[in-house]
1. Tell me yes or no: at least one residue of region 22-32 is within 26 Å of S119 (Cβ to Cβ), open to solvent by 40 Å² or more (accessible area, probe 1.4 Å) and either part of a strand (DSSP E or B) or at pLDDT 50 or above (or both).
2. Of the residues that sit in region 106-125 and are without any contact (Cβ under 8 Å) to a residue 40 or more places away in the chain and surrounded by 24 or more Cβ atoms within 10 Å (Cβ to Cβ), which one is nearest to L89 (Cα to Cα)?
3. Of the conditions (1) at pLDDT below 95; (2) closer than 26 Å to E164 by Cα; (3) open to solvent by 40 Å² or more (accessible area, probe 1.4 Å); (4) out of contact with any Ser or Thr (no Cβ under 8 Å at 6 or more places or on another chain), G35 satisfies every one except a single condition; which number is it?
4. State all residues of region 78-92 that are surrounded by 24 or more Cβ atoms within 10 Å (Cβ to Cβ) and over 20 Å from G134 (Cβ atoms); if no residue qualifies, say none.
5. Residue pairs, Cβ under 9 Å, 6 or more apart or interchain, first in region 127-139 and of a type in the set (A, V, I, L, M), second open to solvent by 30 Å² or more (accessible area, probe 1.4 Å) and outside any strand (DSSP E or B). List them.
6. Output the number of the condition that Y83 fails; it satisfies all remaining conditions of (1) touching a residue at least 24 places away in the same chain (Cβ under 8 Å); (2) under 16 Å from the mean Cα position of the chain (by Cα).
7. Inspect region 56-72 for any residue being at pLDDT 95 or above, open to solvent by 60 Å² or more (accessible area, probe 1.4 Å) and over 25 Å from Y156 (Cα atoms) and give the result as yes or no.
8. Quickly run through region 148-176 and pick out the residues that are among the polar types (S, T, N, Q) and within 14 Å of S100 (Cβ to Cβ).
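The values are calculated or read from the model by the stated rules, or taken from the named source; none is laboratory data. Fair warning: this is a prediction, and the values are worked out from it, not measured in the lab. All Cβ positions, even for glycine, are placed from backbone atoms using ideal geometry, and neighbour counts span all protein chains on display. Note: accessible area is taken over every heavy atom of the protein model, side chains too, but ligands, DNA and RNA are not part of it. Shrake-Rupley method; radii C 1.70, N 1.55, O 1.52, S 1.80 Å.
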Amino acid sequence: PMEPPMRASLLPSLLFLALGCPDGSKDSLDTGPGGSGTDTADVDLGPAGCINLNGEEGDFDTITDALKYAVDGDTVNVCAGDYTEKVTLLHAVAVVGEGSLTNTIDAPVNEPAFDIASSGASVSGFTITSTRSGVVVSDASDVSLNDLAFDAPANYGVEAAEVENLTITGCTFTLPGYG
């Protein structure tokens, strides 16, 4: 007997679901910058690389790429190097560079290097350059900034609004535009 056409047409769809994303990319679950809340236990992010999540998974190209998979309590580890990006923290995540003498983050024009809008977030171990403020913290509490070197930001080294318990330790400020 001949199979109904409907069963034959379901086979490719079921095969696609079973195989997942055809190119095998880890970005198939990406919901945008700032963290998707994806449970990384269900996603193979590959071996730890230069930028990784919790020292165990991922070989991400940018800090922002790693943050797409980060959830509250995670740490994004960043090896020594120079990075050009705006990093937005929307979860209670720690972004940890190897140190302000070995890690530099240069913000895009007219953007802060770090934009923090999450309670419990922290950043450490970077030299920051920016044509705006180096770090912007808003509507958050219990944010920690440590071992950061602000290299002549055009506005403020740290700009904060509606923030409680902002801790700044071991940071240096060189010639910020507004103090």
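1. no
2. That would be I116.
3. Condition (3) is where G35 drops out.
4. none
5. V135/Y156; V136/A117; V136/Y156; V137/A117
6. Of (1) touching a residue at least 24 places away in the same chain (Cβ under 8 Å); (2) under 16 Å from the mean Cα position of the chain (by Cα), only one is false for Y83: (1).
7. Yes; the residues of region 56-72 include at least one that is at pLDDT 95 or above, open to solvent by 60 Å² or more (accessible area, probe 1.4 Å) and over 25 Å from Y156 (Cα atoms).
8. T169, T172, T174
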